1. Among the residues of the stretch 109-132, write down those that are open to solvent by 80 Å² or more (accessible area, probe 1.4 Å) and of a type in the set (Val, Ile, Thr).
2. Tally time: how many residues in the stretch 194-216 are among the hydroxyl-bearing types (Ser, Thr, Tyr) and open to solvent by less than 80 Å² (accessible area, probe 1.4 Å)?
3. Suppose we keep only residues that are open to solvent by 60 Å² or more (accessible area, probe 1.4 Å) and of a type in the set (A, V, I, L, M, F, W, C) within the stretch 88-105. Which one would you say is nearest to ALA214 (Cα to Cα)?
4. Does the stretch 72-87 contain any residue that is surrounded by 14 or more Cβ atoms within 10 Å (Cβ to Cβ), of a type in the set (Asp, Glu), out of contact with any Pro (no Cβ under 8 Å at 6 or more places or on another chain) and modelled with pLDDT under 90?
5. Out of all the residues in the stretch 155-179, which are open to solvent by 50 Å² or more (accessible area, probe 1.4 Å), of a type in the set (Asp, Glu) and farther than 16 Å from PRO108 by Cα?
6. With respect to the numbered conditions (1) open to solvent by 40 Å² or more (accessible area, probe 1.4 Å); (2) touching a Lys or Arg at 6+ places or on another chain (Cβ under 8 Å); (3) at pLDDT 90 or above, which one is the sole condition not fulfilled by GLN182?
7. Which one of these is more than 17 Å from ARG216 (Cβ to Cβ), at pLDDT 90 or above and outside any helix (DSSP H, G or I): GLY177, GLY155?
8. In the list GLN191, GLN135, which residue meets the criterion of being of a type in the set (S, T, N, Q), free of Cβ contacts under 8 Å to residues at least 24 places away in the same chain and surrounded by 13 or more Cβ atoms within 10 Å (Cβ to Cβ)?
Amino acid sequence: MDVTSATATAATAVDNTASSTSMITSDFQTFLTLLTAQIQNQDPLNPMDNSEFATQLATFSGVEQQVHTNDLLSELQSTMALSGMSQMADWIGREARAEMPMSFQGEPLTLYAPENTLADYVELVVTDSDGNSLQRLSVPATETAFLWAGVTTDGSPLPEGVYGFHIEYFNNETSIGTAPAQGYGEIEEAQIIDGEVWLSFAGGVQIRSSLVEAMR
């Protein structure tokens, strides 16, 4: 959903509210007509008890109030969605840092390895879009930014595309765990999917906004 869609949704909610109000007015008039006919045609020897009239009026009033409440809630939800989309529009074009696959376009990528204090040696594991391991490189053992040049061991450039990056930690040459690497990517789109904000990056990469660690 973009800002235009959110605006259209808000406008639709207002139209629905107006339609519901008109419907309630019409239904209330019909209810009064039926109630009047009911009073005029009741058995004079066995008239309807006043409490029955009061119950019918109270029931209709309760339904009317519930419809009004539902309309107000829908209108409030639409307004909040429009406000949220306006804020999300400011994210477009910014760079977000998160654990995610990265789109390689021939330029070195800046990556971060989450620190593991038990590790004395750290390797970057690079995978292709299918998850196949392509290369392993030694990287700093501390949470310091480092560059991945996107080249093979003989210096040949790797094809452009989306690559996965993981960090494997070692202690005394024994593997003690892995973790996804973090990197920066430019936000191309922000949208709400099933109530969650999702961010889109180059190469078709999508992540939840809750995974973003930093933005610049």
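The values are calculated or read from the model by the stated rules, or taken from the named source; none is laboratory data. Keep in mind that this is a model prediction, so the values were computed, not measured. Here Cβ is always computed from backbone atoms with ideal geometry, including for glycine, and neighbour counts include all displayed protein chains. These accessible areas exclude ligands, DNA and RNA; they are computed on the full protein's heavy atoms, side chains included. Shrake-Rupley method; radii C 1.70, N 1.55, O 1.52, S 1.80 Å.
1. The answer is THR117, and nothing else.
2. 2
3. By that ranking, first place goes to TRP91.
4. yes
5. Matches in the stretch 155-179: GLU173 only.
6. (1)
7. On inspection, the qualifying residue turns out to be GLY177.
8. Being of a type in the set (S, T, N, Q), free of Cβ contacts under 8 Å to residues at least 24 places away in the same chain and surrounded by 13 or more Cβ atoms within 10 Å (Cβ to Cβ) holds for just one of GLN191, GLN135, which is GLN135.
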